[in-house]
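Visitor: I have a structure I would like to understand better, so I am pasting it below and will then ask my questions one at a time.
The values are calculated or read from the model by the stated rules, or taken from the named source; none is laboratory data. It should be emphasised that the depicted structure is a prediction, and the values quoted were computed from it without experimental measurement. Note that we place each Cβ from the backbone using ideal geometry, even for glycine, and neighbour counts take in every protein chain shown. Accessible surface is based on the protein model in full, side chains and every heavy atom, while ligands, DNA and RNA are left aside. Shrake-Rupley method; radii C 1.70, N 1.55, O 1.52, S 1.80 Å.
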Amino acid sequence: MEKEFAKPVGISLDRFIKLRQDESPGGTGEFSQMLRDIGLAARIINRELNHFGLLDIGGKIGTENIQGEEQKKMDVIANTRFIRALSDGGEICAIVSEEEDEIIEVDRDKKYIIALDPLDGSSNIDVTVSVGTIFSIFRRKSKLGTAVNEEDVLQKGSQQLAAGYVIYGSSSMLVYTTGKGVNGFTFSPSIGEFFLSHPDMKFPDDGIIYSVNESLVHEFDESVVRYLKYCKENNHTLRYTGSLVTDFHRNMLKGGIYMYPPCQKTPNGKLRLLYECNALAFLCEQAGGKASDGKQRILDLQPTDFHQRTPFYVGSAKMMTKAMSFVNSKEK
Ligand code: AHM
Ligand code: MG
């Protein structure tokens, strides 16, 4: 078993989940089934994205989500796919989604809650740039059989049992953690399965990539502007796709930092704590990196709203330390 486990390729997601079942919270199999359900929805979305230009699934749908953002057809399709896969899977108590105003109660006899951005970076789909799904899993606090309540959902990121993302790109990957390291699985389109390709992923301790929407520089605090100047003066290189999962994934593989700082018009930045930042912060820390809102660890933030936003800095440990030394400096 140990020998088989050490193989870098050849282990399907399904088999890997089984091998690790004893490490899963509770070890009951429910948790493993939920990860398989996520894998199933991801495979369906991957297929749809691969045929994107050939199907009538492009462009806007004419509706807005609760944050006033225009929904793309694929936002809504991906949301439906995940909700259906997770509901049919039968392990979920409730779902919070970027595309839904309220909590979706699925089965009050179940213990797991999932927060989900079904299709992050969806403005990139029309131009075939990589997009992603982000998920974060918690155990409910209230008793089984009762209605799910706000306290169940508004838990700190440090309470996550598992988190991950799917990146739909030139190849597609599912990357997740249950708090025992980070593992990445590459999708084989011909076999229709994810296979372990990136065991025990680690953020390089240091790097030279910085990812930020620099067109917003006039909106950033002086301290952030000074850090960006430092990056330019120290041979750093800017890489930004406008797709968080893509930028995060690149930085985890190559070494880098992603930032969405507070802006004058949006003092809490743009990204959502519950279904974007918490998951990536958990993955990042598990891979040896750091994640902060500029003042404190993302995983220590107490959410007060399902759709709350937070400034977000995440990446290689040394780059984060340097960036935070600028962000927290009092110099004017
Ligand atoms: P979305 O969830 O509506 O797709 O928004 C999140 C996306 C991130 O993927 C990305 O990093 C960021 O928004 C880009 O924002 P901007 O266009 O302001 O740079
Ligand atoms: Mg998003």
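Visitor: With every protein chain left in place, what is the accessible area per residue of the chain in square angstrom, probe 1.4 Å?
Guide: That works out to 43 Å² per residue.
Visitor: Just to be sure I understand: with springs between alpha-carbon atoms less than 10 Å apart, which residue in Tyr260, Tyr227, Tyr275 has the highest mean-square fluctuation in the Gaussian network model of the chain?
Guide: Tyr227
Visitor: Among the listed pairs Lys60/Lys254; Lys180/Lys229; Lys156/Lys180; Lys72/Lys318; Lys18/Lys270, give every one whose C-alpha distance is greater than 29 Å.
Guide: Too far apart for the 29 Å limit: Lys60/Lys254; Lys180/Lys229; Lys72/Lys318; Lys18/Lys270.
Visitor: Counting Lys and Arg as +1 and Asp and Glu as -1, what is the net charge of the other residues whose Cβ lies under 12 Å from the Cβ of Asp120?
Guide: -4
Visitor: Okay, moving on. Which FRET efficiency, nearest 0.05, do Leu238 and Gln296 yield, Cβ-Cβ r, R0 45 Å?
Guide: 0.95
Visitor: Please give, to one decimal in nm, the separation of the simple spin-label points placed at Lys229 and Arg20, each 7 Å out from Cα toward the Cβ.
Guide: That separation, rounded to one decimal, is 4.4 nm.
Visitor: Give me the extension gain from Arg36 to Ser87: residue separation times 0.36 nm, minus the current Cα-Cα distance, reported in nm with one decimal.
Guide: Fully extending the segment from Arg36 to Ser87 adds 17.1 nm.
Visitor: Treat every Asp and Glu Cβ in the chain as -1 and every Lys and Arg Cβ as +1, leave all other atoms uncharged, and give the resulting dipole magnitude about the Cα centre to the nearest 20 debye.
Guide: Roughly 980 debye, rounded to the nearest 20.
Visitor: Explain nothing, just the number: relative contact order of segment 184-332, from Cα pairs under 8 Å at least 6 residues apart, as a whole percent.
Guide: 29 percent
Visitor: While we're on this one: If the elastic network links every pair of Cα atoms under 10 Å, which of Val245, Val225, Val175 fluctuates the most in the Gaussian network model of the chain?
Guide: Val225
Visitor: Ok, one more. Pick from Gly121, Gly192, Gly58 the residue whose mean-square fluctuation is largest in a GNM of the chain, springs joining Cα atoms under 10 Å.
Guide: Among Gly121, Gly192, Gly58, the largest GNM mean-square fluctuation belongs to Gly192.
Visitor: Moving on. Counting DSSP beta bridges with both partners in the chain, what percentage is antiparallel, nearest 5?
Guide: Bridges in the chain are about 80 percent antiparallel.
Visitor: Under 11 Å from the Cβ of Ile57, count the other residues' Cβ atoms, weight Lys and Arg +1, Asp and Glu -1, and hand me the total.
Guide: That sum, taken over residues with Cβ under 11 Å, equals -2.
Visitor: In what order, largest first, do His307, His198 sit by accessible area if the probe radius is 1.4 Å?
Guide: His198, His307
Visitor: Using label points projected 7 Å from each Cα along Cα→Cβ, tell me how many nm separate Thr321 and Ser158, to one decimal.
Guide: 2.1 nm
Visitor: Using a 1.4 Å probe, how large is the accessible area of Glu150, given in Å² and rounded to the nearest 10?
Guide: Counting only protein heavy atoms, the figure is 110 Å².
Visitor: Rank these residues by their accessible area, most exposed first, probe 1.4 Å: Arg84, Arg309.
Guide: Sorted descending by solvent-accessible area, the residues read Arg84, Arg309.
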